[in-house]
1. Using the C-alpha atoms of segment 95-145, what convex hull volume per residue, in cubic angstrom, is computed?
2. Out of Leu78, Pro64, Ser89, whose Cα points farthest toward the positive end of the dipole of segment 2-202 (charges: +1 Lys, Arg; -1 Asp, Glu; placed on Cβ)?
3. Volume per residue, Å³, of the convex hull around the alpha-carbon atoms of segment 217-277?
4. How many percent of all Cα-Cα pairs in the chain sit more than 37 Å apart?
5. Please state the charge dipole magnitude for segment 1-59, taken about the Cα centre, from unit charges on C-beta atoms (+1 on K and R, -1 on D and E), reported in debye and rounded to the nearest 20.
6. So for the pair Val271, Ala229, with labels modelled 7 Å out along Cα→Cβ, what separation do we get in nm?
7. Go through segment 73-78 residue by residue and turn each phi into a ³J(HN,Hα) via Karplus (6.51, -1.76, 1.60, θ = phi - 60°); whole Hz please, and just put x for glycine and proline.
8. Add +1 for every Lys or Arg and -1 for every Asp or Glu among the other residues with Cβ under 13 Å from the Cβ of Ala98, and state the total.
Amino acid sequence: MITVSGLTKKYGERTVVDDVSFALEPGTVTGFLGPNGAGKTTTMRMMTGLVPASAGSATVDGRPYAQLPNPGAVVGTLLDAGAVHPGRSGRTHLRLLAATIGVAAARVDELLEVVGLADAARRRVGGYSLGMRQRLGIAGALLADPPVLVFDEPVNGLDPEGIRWMRDLLRGHAARGGTVLLSSHLLGEVEHTVDRLLVIGNGRVVADGTVASLLGGDDVVVRAVDAAALATALERAGFHVQHGGDGALVVAGASPAAVGAVAAAGGHVLVDLRPAQRGLEDVFFQLTAAS
């Protein structure tokens with residue numbers, strides 16, 4: 001369990017994170033979204049003790065990150081894949097991390113295989129591509145198999161195969177009872193990876209909920225054998241109806257139950273009736289524009 005309460009960061013008169021609160025449950029992947037400068041990275045850095053908070057707190061199972069006996073064994077972080085000495089090999093970098101957090105050296109070679117860097121293990125990190133550095137950073141975060149993962153833009157530089165691998169990795173971690181906080185600008189990928197969304201704008205949380213609850217709108221999509229007759233019936237009942245593609249009717253400000261009741265009363269045969277789904281991109285811009 002990660003609990004963030006009233007977390008605030010000020011630089012002089014400028015507030016970059018403003019009273020942010022949320023709790024992350026085991027077994028879930030949470031997407032942390034927001035435009036550049038919204039406060040995502042600063043929040044994650046405060047959570048992991050890299051930036052001191054001006055106010056508020058962030059705890060892992062009731063303790064601040066810095067007070068955990070062995071933080072790297074509890075929280076695996078990837079906040080800056082470039083923060084690696086360029087003159088070291090990938091294997092040396094991971095072995096130093098492993099020694100620091102008390103992990104056997106054999107785990108290093110195991111993870112180099114897992115992240116697809118076994119063939120590049122002896123090469124200097126300075127010659128790695130961005131995607132390779134991301135994979136190295138992920139390996140470092142996974143060394144102690146920690147229950148919590150905090151990743152900031154982990155798919156930067158990854159190819160489509162790598163992005164799918166990352167999705168499976170995070171979903172698998174949550175399925176085993178782990179907790180994941182993921183920041184990314186790839187909204188389409190986030191939509192297919194996370195269970196829950198936290199959206200931040202101008203330093204404040206502007207939305208917090210499951211993917212289904214945030215993407216589900218107040219409109220209903222309905223298809224009928226006689227779409228024109230159903231549209232007339234709905235309009236007579238006071239609903240605003242728009243004609244969509246493939247014969248669909250989009251009923252604004254309605255529930256499936258209300259639309260179904262009108263159809264049943266008029267004897268209209270339905271072939272589809274469901275809440276309209278908005279895309280994550282539309283929801284993201286709507287929420288962040290308001291902030």
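1. Numbers: hull volume 3.6 nm³, N = 51.
Per residue, the Cα convex hull of segment 95-145 comes to 71 Å³.
2. Toward the positive end, the furthest listed residue is Ser89.
3. On the way: hull volume 4.1 nm³, N = 61.
For segment 217-277, the hull spanned by Cα atoms encloses 67 Å³ per residue.
4. Values: 12337 of 42195 pairs.
The proportion of pairs with Cα distances above 37 Å equals 29 percent.
5. Details: 5 positive and 4 negative charges, 40 e Å.
I would put it at about 200 debye.
6. Label-label distance for Val271 and Ala229, simple model: 1.5 nm.
7. 8, 10, 10, x, 10, 9
8. Details: positive: Arg91, Arg95, Arg107; negative: Asp109, Glu110, Asp145.
Counting the neighbours of Ala98, the net charge comes to 0.
Coordinate-derived values only; no laboratory data. Every value quoted in this text rests on a predicted model; they were computed, and no experiment measured them. Because the Cβ atoms are built from the backbone with ideal geometry, glycine has one as well, and the counts that use them run over all protein chains shown.
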